[in-house]
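Visitor: Below is a structure I'd like to ask you about.
The values are calculated or read from the model by the stated rules, or taken from the named source; none is laboratory data. In this text the structure is predicted, and so the values were computed from the model without any measurement. All Cβ positions, glycine included, derive from the backbone under ideal geometry; neighbour counts span all protein chains shown.
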Amino acid sequence: MHPGRFITLEGIEGVGKSTQARGLLESILAAGHDAVATREPGGTPLADRIRSILLDPDGKGPEPDTEALLVFAARAEHLSTLVRPALAAGRWVVCDRFTDATYAYQGGGRGIAEDRIAALERWVHEDLVPDRTILLDAPVDVALARAHGRAKADRFERETTAFFERARSVYLARARAEPARFRVVDAHADPDTVGLRVVESVRDLVDGA
């Protein structure tokens, strides 16, 4: 049995992660690999209940520490009940957001210290690291204009431009620090062009499996 591959898509609101995750899944399936798409926070019934708390636009919302702990609680459930079993069965997993998002949003955006997030990462992940992380990147003003054109904004979509500038900065810094894992794709282009670049960014994994 060929090992499953874990592919994550990252980026701030409005860069098209959900759309590109669906397209990438279709490409992987077309190449003959068994694959499943999922998302964070969420991906399982219990994790989706935690997601509803995190994204709820009404009310004050959790404190930053509580928010980070809830994210990792949802992640622990997601990894245990969906991601790890799928990978063990030789399936590919395409995930819309993973722990890089926590460093960007709760770290860069909320100001939680990186070492505190890293401690939770070691506890929840153990040895699991994505085989490839695709960072969809676009200027904050462009991305937010797209995000705000959608339906009712969730709690994160209502954050300030400064919040997303900090989150984007962390994303790009992590991509520079781990060039073997990350591929940065310009999400400013039209969706079809972005989709081609996303598929190409995992070509070596697809052809080598």
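This table checks each residue for (1) within 20 Å of His148 (Cα to Cα); (2) at pLDDT below 95; (3) not aliphatic (A, V, I, L, M).
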| position | (1), (2), (3) |
| --- | --- |
| Lys17 | yes, yes, yes |
| Ile28 | no, no, no |
| Gly32 | no, yes, yes |
| Ile53 | no, yes, no |
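Visitor: Anything in the stretch 115-126 that is modelled with pLDDT of 95 or more and more than 18 Å from Arg168 (Cα to Cα)? List them, or say none. I'd like the intermediate steps shown before the answer.
Guide: Initial filter on the stretch 115-126 (modelled with pLDDT of 95 or more): 115-124.
Result: Asp115, Arg116, Ala118, Ala119, Leu120, Glu121, Arg122, Trp123, Val124.
Visitor: Would you please name the residue that is nearest to Leu55 (Cα to Cα), looking only at residues in the stretch 138-167 that are at pLDDT below 85 and part of a helix (DSSP H, G or I)?
Guide: Taking the stretch 138-167 as the starting set, the residues that turn out to be at pLDDT below 85 are 146-159.
After this cut, where a residue has to be part of a helix (DSSP H, G or I) as well, the list is 146-147.
Details: Arg146: 18, Ala147: 14 Å.
Ranking the qualifying residues of the stretch 138-167, first place goes to Ala147.
Visitor: So for the stretch 72-90 (the condition being part of a strand (DSSP E or B), surrounded by 16 or more Cβ atoms within 10 Å (Cβ to Cβ) and in contact with a Leu (Cβ under 6 Å, 6 or more places away or on another chain)), does at least one residue qualify?
Guide: Just the residues of the stretch 72-90 that are part of a strand (DSSP E or B), to begin with: none.
Looking for residues that are part of a strand (DSSP E or B), surrounded by 16 or more Cβ atoms within 10 Å (Cβ to Cβ) and in contact with a Leu (Cβ under 6 Å, 6 or more places away or on another chain), one finds none in the stretch 72-90, hence no.
Visitor: As an exercise: evaluate Leu25 against (1) part of a helix (DSSP H, G or I); (2) crowded, with 20+ Cβ neighbours inside 10 Å and give the number of the one condition it does not meet.
Guide: Only one criterion is unmet by Leu25, namely (2).
Visitor: Moving to a separate point now. Name the single residue that is nearest to Ile12 (Cα to Cα) among those in the stretch 173-192 being part of a helix (DSSP H, G or I) and out of contact with any strand residue (DSSP E or B) (no Cβ under 9 Å at 6 or more places or on another chain).
Guide: Let us first name the residues in the stretch 173-192 that are part of a helix (DSSP H, G or I), namely 173-177, 191-192.
Among the residues that remain, those that are also out of contact with any strand residue (DSSP E or B) (no Cβ under 9 Å at 6 or more places or on another chain) are: 173, 177, 191-192.
Numbers: Ala173: 14, Ala177: 19, Pro191: 16, Asp192: 19 Å.
The qualifying residue nearest to Ile12 (Cα to Cα) is Ala173.
Visitor: If I go through the stretch 96-113 residue by residue, how many of them are part of a helix (DSSP H, G or I) and under 8 Å from the mean Cα position of the chain (by Cα)? Break it down stepwise before answering.
Guide: In the first step, residues of the stretch 96-113 are kept if they are part of a helix (DSSP H, G or I); the result is 99-109.
Narrowing further to those that are under 8 Å from the mean Cα position of the chain (by Cα): 99-101.
Looking only at that region, the number is 3.
Visitor: May I ask you to say which residue of Leu205, Leu135, Leu196 is at pLDDT 95 or above, over 17 Å from the mean Cα position of the chain (by Cα) and surrounded by 13 or more Cβ atoms within 10 Å (Cβ to Cβ)?
Guide: Criteria check complete, one pass: Leu196.
Visitor: Mind checking whether some residue in the stretch 46-56 is acidic (Asp, Glu), surrounded by fewer than 23 Cβ atoms within 10 Å (Cβ to Cβ) and more than 16 Å from Ser201 (Cβ to Cβ)? Explain how you work it out, then say what you get.
Guide: Initial filter on the stretch 46-56 (acidic (Asp, Glu)): 48, 56.
Applying the additional criterion that residues be surrounded by fewer than 23 Cβ atoms within 10 Å (Cβ to Cβ) yields 48, 56.
Cutting the leftovers down to more than 16 Å from Ser201 (Cβ to Cβ) gives us 48, 56.
Yes: the stretch 46-56 contains one or more residues that are acidic (Asp, Glu), surrounded by fewer than 23 Cβ atoms within 10 Å (Cβ to Cβ) and more than 16 Å from Ser201 (Cβ to Cβ).
Visitor: Among Val93, Val170, Val129, which is the only one that is part of a strand (DSSP E or B) and either at pLDDT 95 or above or in contact with an Asp or Glu (Cβ under 7 Å, 6 or more places away or on another chain) (or both)? Spell out the reasoning first.
Guide: Numbers: Val170 fails: part of a strand (DSSP E or B); Val129 fails: part of a strand (DSSP E or B).
Step by step, each of Val93, Val170, Val129 is checked, and only Val93 is part of a strand (DSSP E or B) and either at pLDDT 95 or above or in contact with an Asp or Glu (Cβ under 7 Å, 6 or more places away or on another chain) (or both).
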